[in-house]
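Here's the structure we're looking at; comments come further down.
The values are calculated or read from the model by the stated rules, or taken from the named source; none is laboratory data. Small disclaimer: the values here were computed from a predicted structure and weren't measured. We place every Cβ from the backbone using ideal geometry, glycine too, and count neighbours over all the protein chains shown.
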Amino acid sequence: MKPGLRHVLTPLMIAGGLSGAAILSPTGFANSAEQVRLSPEAARTAARKALLSGDPKTAALLSGALLKRDPDDITALVVMAGALQVQNQSKQAIIHAKRAYNLSDSDRARFDAAMIISRALYQQKRFAASQFWLRRSGHVAPSAQLRAVAMRDFRSVQQVNPVETKVQVGVAPSSNINNGSESEIVFLNGLPFVLSGDAQALSGIEATLGLKTTRRFSLGEGRVGSIGLNLLSRSYRLSAASLAVSGGKTGADYAFAAAEIELGLVSAVTSGKTQDGRKSATMTLGRNWYAGAPLTDYLRGQIGRDFKLAKGNPLHIGLSVERQIRLDSAIRSATLVGLNGSTGIRLSNGNYASFSYDVRNVFSASSEIAHIAHSASVSYALSKPVIGTQVSLSLGLSGKNYKMPYLSPVPRRDLGVNATLSILLPKYEVMGFAPNIDVNFSRNFSSVDLYDTTRQSISVGVKSTF
């Protein structure tokens, strides 16, 4: 066990069900040098009391005798597992606790067993497996208080685990998967044009699958380095109505994928003995594909500074520079320079509001690409459930000013609005994962009719509640 982390694990055993759990009894047990004949129930009580009083050897002796009598004695299995784990015999502790977990139909006993397994796995430095069993603990926790214990300790192990993996899964029916125009006839340079079917908005279903895994390395003196791999895939299926007008195009013609390798460095910023923020830097090398063909190679560098404001409210300021090499058309290659900031505040009613602003300057020889963009968003998350759901709302406003005329005598101007209602359904949670529904509406108003677009979508995915 790593120094300084024992305090994280010790409360797990106490709160994890060995104190106040169903296997406990208020009956006392007096230690004695005399040989005492105990009933099975008295032996269980004595074993529990010995473990809780810090005598794992006696607890193991008593529970061992009970297991000789009945190898399926769930109380004895849990106590034996706890005693072995305290004595750093993690392998045997896991064997006994798993047997108890599989045999028991009591949520309380299964919670105890799962917590012991997670501690034993932590001792083995198998942090991901420890987190898995903490999720199982939270899933079977018989009370909100014990579930909160599992969540707290999950986060504690998460901070120690050098590997972090996130999976993104979602399905979204959409009115406009190709970002097509909402009009069949548009005016370009004052002349009317009838758009082909594939240039108009096509409805269908979007399926998203993403993976992000990061390995962290301690560099000492409050610095942490990291290397990560990011993968993303978006595939589409057109509706029957869209297939009929798409001119032979299918969902595969709009498929998007991306792969990235990311290097990062985070350094704590201290003021005296207090940490009041951090500095970060990342470098990302990536490629994306469109319709199965390579589209862009890119290299992006970012630096950021996080501050702690009054009452612990966060403030982030970041600067980014990115070079994009277009593989479909060299003239569309671009250099992007961006500045962003975000903050959040916990309100007196418990709700949380966050704000962000981003400005980006895109340099390119292509009149379709070169522009200056501004975007701002505000999000508001309710602290109290609404009909058993957790609700948040975000609103966004963006503007783009293109630098050169394209399809019009003057440079193009865009104004975009976006609104998303997110609904988390904790009632249907499984092992700390709950279904999440995002209802989104976006509208882009453009001085060039071709780029007037509207999109409505409902995305169904899964979100971690831990």
Margin query: Regarding the stretch 415-426, can at least one residue be identified that is free of Cβ contacts under 8 Å to residues at least 60 places away in the same chain and outside any strand (DSSP E or B)?
Written below: yes
Next item on the list: Could you check, for the stretch 307-315, whether at least one of its residues is under 28 Å from His371 (Cα atoms), of a type outside the set (Phe, Trp, Tyr) and part of a strand (DSSP E or B)?
Entry: yes
Checklist line | Residue in the stretch 387-436 that is nearest to Ala141 (Cα to Cα), counting only those that are surrounded by 13 or more Cβ atoms within 10 Å (Cβ to Cβ) and basic (Lys, Arg) | finding: Lys400
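Can you list the strands (runs of 3 or more DSSP E) found entirely within the stretch 138-200 that contain at least 1 residues being within 17 Å of the chain's Cα centre (by Cα)?
Correct list: 163-174.
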Next item on the list: Give the residue, chosen from Ser383, Ser379, Ser356, that is in contact with a strand residue (DSSP E or B) (Cβ under 9 Å, 6 or more places away or on another chain), in a strand (DSSP E or B) and in contact (Cβ under 8 Å) with a residue 24 or more places away in the chain.
Entry: Ser379
Note to self: Checking Gln35 against (1) at pLDDT 85 or above; (2) farther than 18 Å from Ala81 by Cα: exactly one of these is not met. Which one?
What the structure shows: (1)
Notebook entry, point to check: If you scan the stretch 439-466, which residues turn out to be of a type in the set (Asp, Glu) and surrounded by fewer than 18 Cβ atoms within 10 Å (Cβ to Cβ)?
Noted result: Asp452
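Within the stretch 318-329, can one find any residue that is among the small types (Gly, Ala, Ser), under 22 Å from the mean Cα position of the chain (by Cα) and farther than 23 Å from Phe256 by Cα?
Within the stretch 318-329 (the criterion being among the small types (Gly, Ala, Ser), under 22 Å from the mean Cα position of the chain (by Cα) and farther than 23 Å from Phe256 by Cα), the answer is yes, since at least one residue qualifies.
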Check: Which fully enclosed helices (runs of 4 or more DSSP H) of the stretch 43-126 have 1 or more residues being aromatic (Phe, Trp, Tyr) and closer than 24 Å to Asn161 by Cβ?
Finding: 90-103, 107-123
Next item on the list: Assess whether Ser367 counts as being among the polar types (S, T, N, Q), modelled with pLDDT of 95 or more and not in a strand (DSSP E or B).
Entry: yes
